[in-house]
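K.L.:
Please see the structure below; I have some questions.
The values are calculated or read from the model by the stated rules, or taken from the named source; none is laboratory data. Everything quoted here is computed from the prediction, not taken from an experiment. Cβ coordinates were reconstructed from backbone atoms using ideal geometry, including for glycine residues, and neighbour counts include every protein chain displayed.
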Amino acid sequence: MFTPNLSLILLLPLLGLGFVCLVPADKTRLIRRIAGITVLLPFILSVWVFAAYDHVAGGFQFVQNTPWVVPFGISYHLGVDGINSLMLLLLGATSLAAVLISESIKERVKEYYILLLITIIGTYGAFLSLDIFFFYFFHEVAAVPVFLMIAIWGSERREFAAMKLTLFLVAGAAIALIGLIALYLSTGLQTFDLVTIQQQLAQHPLPIAVQNWIFPLIVLGFGITLTLWPFYTWAPVGYAEAPTAISMLHAGVLKKMAAYAIIRFAIQLMPQAAHAWMPLVAGLAIVNIVYCGLVALTQRDLKYILGYSSCSHMGYIMLGLACFNTIGLNGVVYLMFAHGIMAALSFALVGFVENQTKTRDLNELGGLLKCMPFIGTCFMMAAFASAGVPGFANFVAEILVLLGAWDQYRILTVFAVLGLVITAIYLLKAIRLGFQGPLNPKFAQLSDASTLTAKFPYVLLLALLILVGCLPTVILTHIGSSTKTIVESIK
Amino acid sequence: MVAPSLVWIAFFAPLVACVLITLFFLRSKAISSLIAIAGILTSFVCSCLVFTQIFQTNPPAQLQQSLTWINIDTLTINFGFLMNPLAIMMLLIVTGVGSAIFIYSRGYMNEDPSSPRFFAYLSLFAFSMIGIVLSNNFIQLFIFWELVGLSSYLLIGFWYAKPSAADAGVKAFMVNRLSDFGFLCGIILLWSVSDIGMGRSFQFTDLVAVVPHVAPHLLTIIALLLFCGVIGKSAQIPLHVWLIDAMEGPTPVSALIHAATMVAAGIYLLARTFFIFEPSATALTFIAFTGAITALMAAILAVAENDIKRILAYSTLSQLGLMVMALGLGGPMQGMYHLTTHAFFKALLFLGAGSVIYALHHEQNIWNMHGLLKKMPITGFTFLIGTLALCGIFPLSGFWSKDAILALAFENNTVLYLIAATASGLTAFYMGRLFFVVFWGNASDTHHVHHEAHAHEIHESPAVMTIPLIFLAILSTIGGFIGIPHYLFPQEAPEELNMRVAIISSVVALLGLGFSYMIYGKRTENDPLVTKLGSFYTVLQNKFYFDAAYAWYVDKIQQNVALILSRFETDILDRWCVDGLAKLARAGGKALRYLQNGIVQFYAMIFILGIVLLFLFLIHSFALIFALGLVPLFLFLMLA
């Protein structure tokens, strides 16, 4: 019986990255092809890992554990449970789509793919690592190229955006790092190994006073990446100016890494502090949902709308994190997946539109359904998914979060339901202005995504959204097997 | 014995059609319409079979089947169906009337290049509507409730390049979303109190047992929240605004969605979950008055409307109001009875209007139509049957069902009865107006040059459109005699015809028709009412200013709040906090820069200072010395 080898998910793209480095820069077609294969292989492996994961047995599986720096307790420890196996799937699909839609990049192709692949590899590493040191290391590996890519391949205000995004995220990462080191020191175990720490803290929790100041550091640190209100202002401008693939990966996956870290390192390891602090986060989450939703109403730039929308939706994730019950936590993980795919899809589509029309301004666009029916229809479907229309994964996730949150936060939940109305307003407005109405004559000659290969990235993401939206059990069994143990340990 | 597989086939056939068209036949007009028709006919045939199976036994069978859709510890959400007499009747309306309209659409949409997309949407709509009818729990119902809203949006905005159509679609979706806000809150609230020892549940059959255990005031809140959903979907005041604009969609859509089925979903929901509303007198009163006011308001507005489809839309609003009122008066049977007959004659009227519009090349203003009865006899006569049925003229179907509602009001609440009777009289008046202006008189005496041009071209629509008209006309005629109330609610005793009410309403209807003949029986260029009503006519033209009020809210309140929040972000969060931090960092950097001033003596001094501090630190307590050491350093920095 074959079992998947998790190291391969890291090594294969690393090998691909090496090949890309060796190919001469002018052979762009070859570079693109290698990059495509480089992300396709780990995607296939991720699907395999997801399919092979035994949700009845639960726990971490396919574990690989090699001590590395023994005196500090750092080990190369990989493994997956229901949550990160799903995150691998999310990353696999998103990264494949991100690489494929990068066909439109024409400048410095080689450097572009090298940096993009480094980000992808770093993200894979972070999701696979069961060692806090390695998690943080990979997390940084993923973050650094983002700065460069925005600054080099971004649109008009790229330098400003790159600077702002980076300063925020570096500050967040530094705060989180302090928290993680404090956690490492206060366990007294001399180990970064997550599983060991989990077992130890389940038996002997940290003193409440210690938890109460480490917990907010970690949540705030990663919360900045998760666009917790009021630390979200980097995101709309960052996503708007970034090259499409980076918007897709960052809004789709890297943000979810922060939510993942909060679940793994904060809530699960310091439950008492979580109970004390998370109601505050729930309150901010509602501000996220309503506030960012309303600000999205005033925007005229498609990517800004998506950026604010993404900040608004993170509110549901944070609200779900504050529930401490299985329904809510399942909803959170579900939403991490659903929103990741949806956000990647939306940014990819807007990237396509921008590439064709050279503008993202809704006042200039109009009637695009006529000249690009495929892209337009996909955008409408992504918008409906985002607005929580049933049939798409986001609906299931949002309903779970709402049901999970109801018992603790009634009034907040009512506002969260209101958020669904606000989302629908700005998205329908975007569709109305951008894709419906009379076609601007200067766009009449534009071409749609017509070939199968051009359509594939969008179809892939859309198919995942619909599949998971109609048959939730496909991923709920995986999520449930892991969230159950987490909720039991934090009750 | 009811075969579950038949129900599942009826459930999913239109979805299969929709998927097939979307994936493979978006380019072929002929095949796509055939697939859509095959899908809905399959559903219809299966429904007929299920119907016979259900009524084989006495009492009629009830069947429920559920698959687990989501199961997380205490939360179970099923996907299934609950088949009972009420559901099968509604299913027959949806698939039966639906089939007629699908077939009609094949003719009507023949010239539209994107008709495959139309048929895909139409099939999606049919699937969603069947889902509402069959759902056995609130979450599943909500799913299809939303999907119906979605497909309605897509169909209203089918001609998306036309700004008014696109706007109308957006409006419909928004209004429905807004009402679903209350609806979803109601569903969650009901779920949270539904644990009476067997865990929480969304299932209708479980909730029947739950309701008696719920505190009365809580139940009232739940009932009113659920009613929010009805207000949106069934277009009750004050959320009725979307339905009129929805007439921008292709006419078969108006017939199917905005007359016969989708807007009826709210009534159906009330009837199906009536056990939740029944115990709450407050909620019922609220519901009844909402319905009555809607009925009257819409009837008044219809008098001043000049667009053939919009007049019919107002009459739909008005009739929906009557149905809601019936439910509020505790009569689900009367409400559903009228829903059924209304589905027949309103679909007929809309398709008739569509036939006229088709013949006149998308002309919708009634003042540009005249004497069409002779040019289009089938359309004209079937339209007449529909009109009379809607007015409640004996012995057509509308007479029986409307009489049931009026009798219920007469027995329970005089105020409501008077409102409803007035609305009925007005209905007869504006329908008479519509009929006389469009169909009456001699076609050749038209003065419009524009129409002179193709006055001779006007001819009857093709058979694919007239056969559905005839089918619906037959149903509208015999609808009162086929025992619909008995099939809907077999356990209830058959209602006696209330002669007093019947006579009064017949007189009122005939009066309304008579008045309209007096005013519109002769050819007139303009509406004589404009001068007669004076400034009130302007109020009617502005639809009682509902749209203006909403526009004011959106432009002045919502947009400004959003702008203020947006300014708060750029001016306060970004400028003060974020940039403030940046400035602080820059200032810190500037200050530290003085440490690197390249003066060797300065370095030496710091060096010595450090040694001194270190020395002091070794012999004295740390904190004190550290503090002492920092003060001169900062002083120095400030001065430098």
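K.L.:
Please pick out the residue among A:196, A:233, A:166, A:187 that is modelled with pLDDT under 90, over 30 Å from residue A:289 (Cβ atoms) and crowded, with 16+ Cβ neighbours inside 10 Å.
P.N.:
On inspection, the qualifying residue turns out to be A:187.
K.L.:
For segment B:68-80, give me each residue that is within 22 Å of residue B:197 (Cα to Cα) and more than 10 Å from every other protein chain (Cβ to nearest Cβ).
P.N.:
B:76, B:78
K.L.:
Could you pull out the residue among A:452, A:460 that is among the hydrophobic types (A, V, I, L, M, F, W, C), free of Cβ contacts under 8 Å to residues at least 60 places away in the same chain and more than 10 Å from chain B (Cβ to nearest Cβ)?
P.N.:
Working: A:460 fails: free of Cβ contacts under 8 Å to residues at least 60 places away in the same chain.
Only one candidate qualifies: A:452.
K.L.:
Related question: Go through (1) crowded, with 21+ Cβ neighbours inside 10 Å; (2) within 11 Å of another protein chain (Cβ to nearest Cβ) for residue B:192 and report which single condition fails.
P.N.:
Condition not satisfied by residue B:192: (1).
K.L.:
I've got another one for you. Do we have any residue at all in segment B:249-263 that's in contact (Cβ under 8 Å) with a residue 12 or more places away in the chain, buried (at least 22 other Cβ atoms within 10 Å of the Cβ) and within 11 Å of residue B:324 (Cβ to Cβ)?
P.N.:
Checked against the condition, which is being in contact (Cβ under 8 Å) with a residue 12 or more places away in the chain, buried (at least 22 other Cβ atoms within 10 Å of the Cβ) and within 11 Å of residue B:324 (Cβ to Cβ), segment B:249-263 yields at least one hit.
K.L.:
Looking at segment B:79-95, is at least one residue closer than 23 Å to residue B:25 by Cβ and surrounded by 24 or more Cβ atoms within 10 Å (Cβ to Cβ)?
P.N.:
yes
K.L.:
Also, quick follow-up: Name the helices (runs of 4 or more DSSP H) wholly inside segment B:519-625 in which the number of residues that are within 14 Å of chain A (Cβ to nearest Cβ) and within 30 Å of residue B:433 (Cβ to Cβ) is 1 or more.
P.N.:
In segment B:519-625, B:546-552 are the helices (runs of 4 or more DSSP H) which contain 1 or more residues that are within 14 Å of chain A (Cβ to nearest Cβ) and within 30 Å of residue B:433 (Cβ to Cβ).
K.L.:
Right, another one. Report yes if residue B:197 is farther than 19 Å from residue B:286 by Cα, modelled with pLDDT under 90 and within 14 Å of chain A (Cβ to nearest Cβ), otherwise no.
P.N.:
No: the conditions fail for residue B:197.
K.L.:
Filter segment B:328-378 for residues that are under 30 Å from residue B:224 (Cβ atoms) and polar (S, T, N, Q) and give the result. Explain how you work it out, then say what you get.
P.N.:
Pass one, segment B:328-378, residues under 30 Å from residue B:224 (Cβ atoms): B:328-343, B:346.
Scanning segment B:328-378 gives B:334, B:340, B:341.
K.L.:
For residues in segment B:398-418 being of a type in the set (S, T, N, Q) and touching a residue at least 40 places away in the same chain (Cβ under 8 Å), which is nearest to residue B:332 (Cα to Cα)? I'd like the intermediate steps shown before the answer.
P.N.:
So the first thing to find is which residues in segment B:398-418 are of a type in the set (S, T, N, Q), and the list is B:401, B:412-414.
If we keep only those that are touching a residue at least 40 places away in the same chain (Cβ under 8 Å) too, we end up with B:401, B:412-413.
Details: B:401: 12, B:412: 14, B:413: 16 Å.
This residue is B:401.
K.L.:
With respect to residue A:482, determine if the residue is assigned to a loop (DSSP other than H, G, I, E, B), modelled with pLDDT under 95 and more than 11 Å from chain B (Cβ to nearest Cβ).
P.N.:
Answer is no for this residue.
K.L.:
Continuing with the same structure: Only one of A:424, A:416, A:387 is of a type in the set (Gly, Ala, Ser), facing chain B (nearest Cβ under 9 Å), under 17 Å from residue A:293 (Cα atoms) and in contact (Cβ under 8 Å) with a residue 40 or more places away in the chain. Can you tell me which?
P.N.:
A:387
K.L.:
What are the residue pairs meeting all of these: first residue in segment B:15-41, first residue without any contact (Cβ under 8 Å) to a residue 12 or more places away in the chain and among the small types (Gly, Ala, Ser), second residue crowded, with 17+ Cβ neighbours inside 10 Å and assigned to a helix (DSSP H, G or I), Cβ atoms under 9 Å, and 6 or more apart or on different chains?
P.N.:
That search, which allows pairs on different chains as well, returns B:30/B:106.
K.L.:
Can you tell me which residues in segment B:136-163 are free of Cβ contacts under 8 Å to residues at least 12 places away in the same chain and of a type outside the set (A, V, I, L, M)? It would help to see each step written out before you state the result.
P.N.:
Residues of segment B:136-163 free of Cβ contacts under 8 Å to residues at least 12 places away in the same chain: B:160-161, B:163.
Scanning segment B:136-163 gives B:160, B:163.
K.L.:
Can you name the residue in segment A:287-298 that is more than 8 Å from chain B (Cβ to nearest Cβ) and not aliphatic (A, V, I, L, M) and is also farthest from residue B:566 (Cα to Cα) among such residues?
P.N.:
Residues of segment A:287-298 more than 8 Å from chain B (Cβ to nearest Cβ): A:287-290, A:292-293, A:296.
With the extra rule that they be not aliphatic (A, V, I, L, M), the set shrinks to A:288, A:292-293.
Details: A:288: 13, A:292: 9, A:293: 10 Å.
My answer is A:288.
K.L.:
Still on this structure: Looking at segment A:423-463 only, could you name the residues that are under 21 Å from the mean Cα position of the chain (by Cα) and either surrounded by fewer than 23 Cβ atoms within 10 Å (Cβ to Cβ) or among the acidic types (Asp, Glu) (or both)?
P.N.:
The answer is A:456, A:459, A:460, A:462, A:463.
K.L.:
Then there is this: Would you pick out the residues in segment A:392-413 that are among the polar types (S, T, N, Q) and within 8 Å of chain B (Cβ to nearest Cβ)? Please lay out each step first, then the result.
P.N.:
Keep residues of segment A:392-413 that are among the polar types (S, T, N, Q), which gives A:394, A:408, A:413.
Passing the criteria: only A:413.
K.L.:
How about segment A:363-384: which of its residues are facing chain B (nearest Cβ under 7 Å) and more than 21 Å from residue B:132 (Cα to Cα)?
P.N.:
A:367, A:369, A:370
K.L.:
Give the number of residues within segment B:281-296 that are under 10 Å from residue B:326 (Cα atoms) and of a type in the set (Ser, Thr, Tyr).
P.N.:
Here the count works out to 0.
K.L.:
Let me ask something else. What helices (runs of 4 or more DSSP H), lying completely within segment B:210-262, carry at least 3 residues that are within 12 Å of the chain's Cα centre (by Cα)? Lay out the reasoning, then the answer.
P.N.:
Values: elements: B:216-233, B:241-245, B:251-255.
Output list reads B:216-233, B:241-245.
K.L.:
Could you tell me whether residue B:180 is among the acidic types (Asp, Glu), within 11 Å of chain A (Cβ to nearest Cβ) and more than 16 Å from residue B:269 (Cβ to Cβ)?
P.N.:
no
K.L.:
What helices (runs of 4 or more DSSP H), lying completely within segment A:288-384, carry at least 3 residues that are in contact (Cβ under 8 Å) with a residue 60 or more places away in the chain, within 27 Å of residue B:560 (Cβ to Cβ) and touching a Cys at 6+ places or on another chain (Cβ under 9 Å)?
P.N.:
It comes to A:302-321.
K.L.:
Would you be able to say whether some residue in segment A:267-274 is within 14 Å of the chain's Cα centre (by Cα) and more than 30 Å from residue A:454 (Cα to Cα)? Step through it out loud before you land on a result.
P.N.:
Our first condition is that a residue be within 14 Å of the chain's Cα centre (by Cα); within segment A:267-274, this holds for none.
No, there is no match, as no residue in segment A:267-274 is within 14 Å of the chain's Cα centre (by Cα) and more than 30 Å from residue A:454 (Cα to Cα).
K.L.:
Working only within segment A:464-480, note down all residues that are of a type in the set (A, V, I, L, M) and either surrounded by fewer than 17 Cβ atoms within 10 Å (Cβ to Cβ) or under 19 Å from residue A:352 (Cα atoms) (or both).
P.N.:
Selection gives A:466, A:467, A:471, A:474.
K.L.:
Okay, next question. Scan segment B:583-590 and tell me whether some residue there is surrounded by 13 or more Cβ atoms within 10 Å (Cβ to Cβ) and over 21 Å from residue A:160 (Cα atoms).
P.N.:
no
K.L.:
Any residue at all in segment B:140-149 that is more than 25 Å from residue B:223 (Cβ to Cβ), under 15 Å from the mean Cα position of the chain (by Cα) and more than 10 Å from every other protein chain (Cβ to nearest Cβ)?
P.N.:
Looking through segment B:140-149, none of the residues is more than 25 Å from residue B:223 (Cβ to Cβ), under 15 Å from the mean Cα position of the chain (by Cα) and more than 10 Å from every other protein chain (Cβ to nearest Cβ).
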